[in-house]
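Asks: First the structure, then my questions, so here it is.
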Amino acid sequence: MTIELSRQSFLRLATASTALFFIPRVRADDSLEELKHMLFNDPESPTAGNSNGNLTIIDFFDYNCPFCKATAPHLERIVRSDGNIRVVYKDWPILEETSISGARLALAAKYQGKYLAAHEAMMNIPGTGVAVEKMLAAIRKTDVDIDRLSQDMKINASAIDALIKRNLEQADAIGLQGTPGFLVGKFRVNQALTYEGFQHVVADAREAAAKEPNRREEHR
């Protein structure tokens, strides 16, 4: 009985109203510099890789995107093999209502330092149209503390939804048309990439950065 009640509680939290996420295009008078800064340095955005790396990859994805799921292991591989890349994860739930549920689950796991565990668990679920129950079942197989996850989803609901909304605004501002989308240094890539594809764009981004010795920190 306790497990069933917990599951229902998760579903209520994860599938709350999604209306606040449907936003208009960013206004021309909004601060582009602030948007640029928050793309790379939003303190609430989960990160991985080398926090002091000389290149940042920003990953916009959806837990119902099969192309994101196909690309994820290649991104992980380039980060691991390169050793000097910082990754910023931008949950961008645009494909299904359950995409928002998945984003909420992953971002709630961040508060116990288990974002990547939840993220990888859901990225490993094949296909699209993934039910919330299936997402939660995948997370249960990790070392995420489910009781704390439930508490953090409730306590931090406003902060989680605010972060998702910022991600949507940022994706809109830089003109992404669908998932997956990446910023690799100063380059925008709006397609799935293989390991070799990441190698090429990483090399190009570093070459471009080397020509800008006075570049701002967020363009690493």
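The values are calculated or read from the model by the stated rules, or taken from the named source; none is laboratory data. Source: prediction; values computed, not measured. All Cβ positions, even for glycine, are placed from backbone atoms using ideal geometry, and neighbour counts span all protein chains on display.
Asks: Do we have Ala72 as surrounded by fewer than 19 Cβ atoms within 10 Å (Cβ to Cβ) and either in a loop (DSSP other than H, G, I, E, B) or not acidic (Asp, Glu) (or both) here?
Replies: Criteria not met by Ala72.
Asks: Only residues in the stretch 152-166 that are under 14 Å from Gln112 (Cα atoms) and of a type in the set (Phe, Trp, Tyr) count as the first member; pair them with residues that are at pLDDT 95 or above and assigned to a helix (DSSP H, G or I), Cβ under 6 angstrom, at least 6 apart or cross-chain, and list the lot.
Replies: none
Asks: Further, regarding this structure: Mind listing whichever residues of the stretch 96-127 are surrounded by fewer than 17 Cβ atoms within 10 Å (Cβ to Cβ) and more than 19 Å from Ala48 (Cβ to Cβ)?
Replies: Hits for the stretch 96-127 are Glu97, Pro126, Gly127.
Asks: Let me ask another. So, in the stretch 125-140, how many residues would count as being within 18 Å of the chain's Cα centre (by Cα) and farther than 14 Å from Ser99 by Cα?
Replies: Summing the residues that are within 18 Å of the chain's Cα centre (by Cα) and farther than 14 Å from Ser99 by Cα in the stretch 125-140 gives 2.
Asks: Also, quick follow-up: Looking at the stretch 52-66, is at least one residue at pLDDT 95 or above, part of a helix (DSSP H, G or I) and out of contact with any helix residue (DSSP H, G or I) (no Cβ under 6 Å at 6 or more places or on another chain)?
Replies: Yes; the residues of the stretch 52-66 include at least one that is at pLDDT 95 or above, part of a helix (DSSP H, G or I) and out of contact with any helix residue (DSSP H, G or I) (no Cβ under 6 Å at 6 or more places or on another chain).
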